[in-house]
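Here the structure is laid out as structure tokens; the discussion comes afterwards.
The values are calculated or read from the model by the stated rules, or taken from the named source; none is laboratory data. Because the structure is a prediction, the values reported are computed rather than measured. Using ideal geometry, Cβ is built from the backbone for each residue, glycine included, and neighbour counts are taken over all protein chains shown.
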Amino acid sequence: SQQGEEDPQALSIQEGENATMNCSYKTSINNLQWYRQNSGRGLVHLILIRSNEREKHSGRLRVTLDTSKKSSSLLITASRAADTASYFCATDETGRRALTFGSGTRLQVQP
Amino acid sequence: DAMVIQNPRYQVTQFGKPVTLSCSQTLNHNVMYWYQQKSSQAPKLLFHYYDKDFNNEADTPDNFQSRRPNTSFCFLDIRSPGLGDAAMYLCATSRDTLQGARGQPQHFGDGTRLSIL
């Protein structure tokens with residue numbers, strides 16, 4: 001079953017701009033993870049935020065989590081053409097070992 | 001570098017002809033996953049192994065089977081591929097902890113793209 005819905009489905013920005021992607025989910029979670037997928041490649045883990053955390057940073061990435069609204073956002077600051085990829089949120093649901101992936105956001109960064 | 005390797009990268013098979021996809025890992029992770037990903041969609045979990053313990057998702061077709069002969073290798077067998085099985089198949093691993101696999105990132109291979117003629 002698909003847990004996360006991501007918004008927007010596609011995003012096109014200019015290099016240097018910030019990109020924000022949102023993820024909503026339905027059930028209780030232990031943590032939420034964000035992954036990146038370049039075209040034709042596997043997924044790469046970016047960042048994990050636990051259910052008791054509200055914000056986390058890693059380099060140019062900033063993730064927020066609002067468990068009351070069951071939503072998360074991923075902000076990429078000062079985007080680069082190399083950030084062009086699909087970004088997926090994945091929830092670690094209470095009582096379930098495996099992750100459930102959202103529908104993804106396709107980000108295009110124009111040089 | 002420790003990694004997850006999937007072979008082949010591209011596989012073409014005929015309608016109804018059995019096919020096997022392989023995955024190996026040098027991470028020594030005890031959990032291995034198989035996902036199916038169709039174009040512009042989210043990866044969909046087919047099954048996973050916790051050590052040798054096999055866990056099938058409820059909606060995974062019987063046509064899909066898996067084997068894990070040892071920690072390092074895992075195989076996906078599609079017994080009678082149909083046109084709807086054309087997709088990217090992704091293998092992933094994670095390291096279980098006392099708290100289960102929670103909080104551990106998954107490490108993915110680059111996938112095998114399966115085409116059905």
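Considering each of B:Ser115, B:Ser72, B:Ser80, B:Ser94 in turn, give the residue that is among the polar types (S, T, N, Q) and within 13 Å of chain A (Cβ to nearest Cβ). Matching residue, one of B:Ser115, B:Ser72, B:Ser80, B:Ser94: B:Ser94.
Say we look at region A:25-40 and pick out the residues that are crowded, with 17+ Cβ neighbours inside 10 Å and farther than 17 Å from A:Ala98 by Cβ; which of these is farthest from the other protein chains (Cβ to nearest Cβ)? Please lay out each step first, then the result.
Restricting attention to region A:25-40, the residues satisfying the condition of being crowded, with 17+ Cβ neighbours inside 10 Å are A:25, A:29-37.
Next, from what is left, pick out any that are farther than 17 Å from A:Ala98 by Cβ: A:36-37.
On the way: A:Arg36: 11, A:Gln37: 8 Å.
Among those that are crowded, with 17+ Cβ neighbours inside 10 Å and farther than 17 Å from A:Ala98 by Cβ, it is A:Arg36.
Of everything in region A:91-111 that is closer than 19 Å to B:Asn56 by Cα and facing chain B (nearest Cβ under 8 Å), the residue that is nearest to the chain's Cα centre (by Cα) is A:Phe101.
Each residue in region B:45-82 was checked for being in a strand (DSSP E or B), surrounded by 19 or more Cβ atoms within 10 Å (Cβ to Cβ) and not β-branched (Val, Ile, Thr), and 9 of them qualify.
Just so you know, in region B:97-112 the residues that are within 7 Å of chain A (Cβ to nearest Cβ) and more than 28 Å from B:Ile78 (Cβ to Cβ) include one that is modelled with the highest pLDDT, and it is B:Gly103.
Could you grab me the full set of residues in region B:35-59 that are at pLDDT 95 or above and among the hydroxyl-bearing types (Ser, Thr, Tyr)? Matches in region B:35-59: B:Tyr35 only. Among the conditions (1) touching an Asp or Glu at 6+ places or on another chain (Cβ under 6 Å); (2) in contact (Cβ under 8 Å) with a residue 40 or more places away in the chain; (3) among the charged types (D, E, K, R), the only one that A:Asp92 does not satisfy is (1).
Figure legend. Inter-residue proximity from region A:14-33: first residues farther than 18 Å from A:His45 by Cα, second residues of a type in the set (D, E, K, R) and exposed (fewer than 13 other Cβ atoms within 10 Å of the Cβ), beta-carbon distance below 8 Å, spacing 6+ or different chains. Indicated pairs: A:Glu15/A:Arg80; A:Ser24/A:Lys69.
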